[in-house]
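What follows is a short report on a single structure.
Just so it is clear, none of the values below were taken in a lab; they were calculated from the coordinates. The shown structure was predicted, so the numbers you read here are calculated from the model rather than taken from an experiment. No Cβ is skipped: glycine too gets one built from the backbone with ideal geometry, and neighbour counts run over all protein chains shown.
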Amino acid sequence: MERLQEFLNLRQLPCGIGSGFLIPYLIMLIAEGMPLLYLELAVGQRMRQGSIGAWKIISPYLCGVGVASVVVSFFLSMYYNVINAWAFWYLFHSFQDPLPWATCPLNSNRTGYEEECEKTSPTQYFWYRQTLNISPSLEASGSVQWEQALCLTLAWLVVYLCILRGTASTGKVVYVTASLPYCVLIIYLIRGLTLHGAVNGLVYMFTPKLEQLSNPKTWISAATQIFFSLGLGFGSLIAFASYNEPSNNCQRHAVIVSLINSTTSIFASIVTFSIYGFKATFNYESCINKVILLLLNAFDLEEGSLTADNLNEMKDHLMATYPQEYAQLMPQIKNCSLEAELDTAVQGTGLAFIVYSEAIKNMEVPQLYSVLYFFMLLMLGIGSMLGNTAAILTPLTDSRVIASRFPKEVISGVVCFMNCIIGLIFTMEAGNYWFDIFNDYAATLSLLLIVLVETIAVCYIYGIRRFEKDLYTMIGCKPNWYWKIMWAFVSPLLIISLFIFYLTDYILTGTLQYQAWDATQGQLVTKDYPGYALAVIGLLVASSTMCIPLGALVTFIRKRLKRERVSTVA
Amino acid sequence: MAGNYSTQTLVVTIAHAELCKPDAQNAFKVRISIKTALGDNAYAWDANEEYLFRAMVAFAMRRYSSKSTTQISNVLLCNVTDRVSFWFVVTDSSKNVTTVPGSEVEAAIRMNRNRINNAFLLSDKTLQFLKITSTLSPPVEPSTPVWIIVFGVVLCLIVAGIIFLIFSGIQKHKKKNKESTERENLEEKVEVTLENGIPCEALDVKAGHINGVFAADDERFTSL
């Protein structure tokens, strides 16, 4: 049980949580997360085999489900470690005073700041130029950035160190990687709630936004977040549950783990939103101060005559008194809005780095908070990577063909080395665009499909009455109507509707687009994916989803051949 | 006599107004933000402060050109606003009613910027000479970037850990191999008759032995 809980705590991915996200998140947790978690644990415990074997027992046509899970884990491990490389980069750069993302670097003749940095903010400049050295589009691949490559190698070495001795030692490492983030979160909670303007962020978090609720993308990302954080569909839950005693009360565990998981997520999002509130308030106040300074200088007014409170009346007064000069100034006067600052998109891994580093640089003793934050990010990231690599290594070390010839150190080493080499793609100048492709498409659709097939297989192919009986023999109590309704109707229907939303959204928008960084303007612009990128996306989605029908087809052909051989012999 | 004096003052005043006006040739605009810089300790900008300013500019001119000819009266201030901002020119006392070229004034101010700032307890940002750009000081950079040092330390620790674990694993493996070969040598002495992989003593010849592979078959496949 403890191993299971440790493992499940691994899955806390620090993805940004949008405002008003709470409602879809909680609904998805109750409708999808808890029932599916219970389902996977029960299947593993009953069948006493890893994911590939367990589904074969339920129906020989379903061997593809396990394979699809392994393929998804493989894709995930390829790209996820780049996040750890970035976290290392930021961590190493936190030991400077002032922080490198606090101010712009000077231009070559030292008369002002770098042009690109002037147009955008120092934190964005640090992320896009000094960390990623991003190219203007996906086609311009550029060269491998040696600094990022070094950090990526280090990240893989850390992962190798932890999985070197097999899942037994990984368990001990997981104790550290799972508990440290809680300590840091508590420190940040205290710091975050005492920051000026934190309340704005919290208010923003708890007010539901109707436009966001009607957008299917919010629901899909809530569902994906639940799947990711609970580890559903990766096959690892089934593998771990198969080591449990048959009489283990997996129903209680499923409920407890989901509740712990969701409390942690809400706790983390309270911290996140208090920091967002601080950052947004700070930016809002700087914006207002800039406008005040501009007006003071243009009209030579006394210092202190313009404050945030009387700004609007004074603006009207000035517009009336000096219409011409005011009209000249108009393009430079920005409309500062707290809402707009809070709305600046709260998703994507890059933004998580930018927003947090921006908030941190304005705190006192920023180096301390920066080190703490990126260390926590590293712990969470390494923890997730360990779970992933364990999911890939288990079938490899279980298969007698490979395990008999090579010791597990060599197998782990080869897997880490290959993933590291492939990961170098993401350290190129256009690497972040490829990273976004993998992040958006490698796991989302496939996970939904895998989970859907799992639910339908257990409820309709294996039979829900048979499953009920198995659970009764194992844990001594029958699942009540909540579980049965969720398994049989609500979860599959929800997933199918998510699928339909996804596909209609894709069909309506026509082509897929991505955000590219334009250095001349200092902001993101939308571009279309080139042909080969679309092919890669298709390949990613197809290679994991096609495993399921292919597995069924292969089993069907094998059975046919066997039947023919038997009939010819007889 | 009095008439002469008043005509002279009139001439000087007119000359003053001619030379020092916004956007005049060789004139510079200065903007001062005392409250931003000093907050509660801010002093008021009055005639005394203006006098100090003119003295500092005269000082800068003297230091730059090392001629002792610039007097405080050569520095003219005008158009003082509430912001506090004003224009100033430096007149040339050797030539009548002309101003010192702007490039010289700029160079002089640049050279003595620090002294001028400190006289007013201000900085480059709060005492702005609008046409004179200040040279920004670059941040202090150590010879090796700090991040590489930290990276090197962490890398060495991790590699040391990996090597240690690999070696201890190899040693454990060797020990296990030695133990198992010893055990095999012992076991070969005891012979057991085996039938189909099952020792004969365990077989019940009458009742038979249930082969587990076929027993649970009914449950494993879904019924048709």
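Simple point charges give the picture: +1 on the Cβ of Lys and Arg, -1 on the Cβ of Asp and Glu, and for the protein assembly as shown a dipole about the Cα centre of about 1780 debye. In chain A, a dipole from Cβ-located charges (positive for Lys and Arg, negative for Asp and Glu) runs towards its positive end, and of A:Leu296, A:Trp89, A:Leu494 it is A:Leu494 whose Cα lies farthest in that direction.
For A:Gln96, no residue 5 or more places off, or on another chain, has a built amide H under 5 Å of its own. For A:Leu539, B:Leu19, the sequence from fewest to most other C-beta atoms within 10 Å is A:Leu539, B:Leu19.
Between rounded, prolate and oblate, where does the stretch A:130-244 land on the alpha carbon gyration tensor, with a ≥ b ≥ c its root eigenvalues, rounded for a/c under 1.5, else prolate if a/b exceeds b/c? Rounded.
For the pairs A:Lys469/A:Lys559; A:Lys209/A:Lys484; A:Lys172/B:Lys176; A:Lys334/B:Lys35; A:Lys279/A:Lys361; A:Lys408/B:Lys175, note any where the Cα-Cα span goes beyond 20 Å. Show your work: numbers first, answer last.
Details: A:Lys469/A:Lys559 29 Å; A:Lys209/A:Lys484 32 Å; A:Lys172/B:Lys176 24 Å; A:Lys334/B:Lys35 24 Å; A:Lys279/A:Lys361 10 Å; A:Lys408/B:Lys175 17 Å.
Violating the 20 Å limit, Cα to Cα: A:Lys469/A:Lys559; A:Lys209/A:Lys484; A:Lys172/B:Lys176; A:Lys334/B:Lys35.
Can you list, largest first and rounded to whole Å, the semi-axes you get for the stretch B:10-129 by taking the square root of 5 times each eigenvalue of its Cα gyration tensor? Mind dumping the intermediate values first?
Working: eigenvalues 112, 56, 28 Å².
Its equivalent ellipsoid spans semi-axes of 24, 17, 12 Å.
Compactness check for the stretch A:87-160: Cα Rg over 2.2 N^0.38 Å is 1.27.
About its Cα centre, the stretch A:53-206 has a charge dipole of approximately 660 debye under the convention of +1 per Lys or Arg Cβ and -1 per Asp or Glu Cβ, with nothing else charged.
Taking the longest Cα principal axis of chain A as reference, the axis of helix A:63-92 is set at about 30 degrees.
When only DSSP loop residues count, what trypsin sites (Lys or Arg not before Pro) in the stretch A:99-134 have their Cβ near at most 13 other Cβ atoms within 10 Å? Let's see the in-between values first.
Working: sites: A:Arg110, A:Lys119, A:Arg129; in loops: A:Arg110.
Within the stretch A:99-134, the qualifying trypsin sites (Lys or Arg not before Pro) (loop, at most 13 other Cβ atoms within 10 Å) are A:Arg110.
Summary value for chain A: 34 percent relative contact order, contacts being C-alpha pairs under 8 angstrom separated by 6+ residues. Between B:Asn185, A:Gly142, A:Ala533, whose Cα lies farthest towards the positive end of the dipole of the protein assembly as shown when Lys and Arg beta carbons carry +1 and Asp and Glu beta carbons carry -1, centred on the Cα centre? Of the candidates, B:Asn185 comes out farthest on the positive side. Magnitude of the charge dipole for the stretch B:10-129, about its Cα centre and with charges confined to Cβ atoms of Lys, Arg (+1) and Asp, Glu (-1), is about 340 debye. When Lys and Arg each count +1 and Asp and Glu each count -1, what net charge do the other residues less than 14 Å away from A:Thr349, Cβ to Cβ, add up to? The answer is -2.
Applying the criteria of a DSSP loop state and at most 12 other Cβ atoms within 10 Å to the trypsin sites (Lys or Arg not before Pro) of the stretch A:501-570 yields no site. As an equivalent ellipsoid, the protein assembly as shown spans semi-axes of 72, 29, 22 angstrom, where each value is the square root of five times an eigenvalue of the C-alpha gyration tensor, largest first.
Computed from Cα atoms, the angle from the helix A:464-475 axis to the main principal axis of chain A rounds to 90 degrees.
Multiplying the residue separation of A:Leu508 and A:Val554 by 0.36 nm and subtracting their alpha-carbon distance yields 13.0 nm. Please find the FRET efficiency linking A:Val401 to A:Leu259, where r is the Cβ-Cβ separation and R0 is fixed at 56 Å, and quote it to the nearest 0.05. Efficiency for this residue pair is about 0.85. Between A:Gln523 and A:Asp518, the built amide H atoms are under 5 Å apart, and every one of these is 5 or more places off in sequence or on another chain. Taking amide H as placed 1.01 Å from N in the peptide plane, A:Asn107 has its amide H under 5 Å from the amide H of A:Gly112, A:Tyr113, A:Glu114, each at least 5 places away in sequence or on another chain.
Remark: spin-label model distance B:His173-A:Val536 equals 3.6 nm, labels positioned 7 Å along the Cα→Cβ axis. Each peptide among A:284-292, A:442-450 gets the average number of other Cβ atoms lying within 10 Å of its residues, and from highest to lowest they stand as A:442-450, A:284-292.
Using 0.36 nm per residue, how much length does the chain from A:Phe267 to A:Ser247 gain when fully extended, once their Cα-Cα distance is taken away?
Here the answer is 3.9 nm.
Peptide A:89-97 has a mean of 4 when you count, residue by residue, the C-beta atoms of other protein chains within 10 Å of its C-beta. Once the Cα atoms are used to define both axes, helix A:431-441 deviates from the longest principal axis of chain A by about 50 degrees.
One decimal place: the segment A:Glu285-A:Trp481 gains 65.2 nm when fully extended, by the rule 0.36 nm per residue minus the C-alpha distance.
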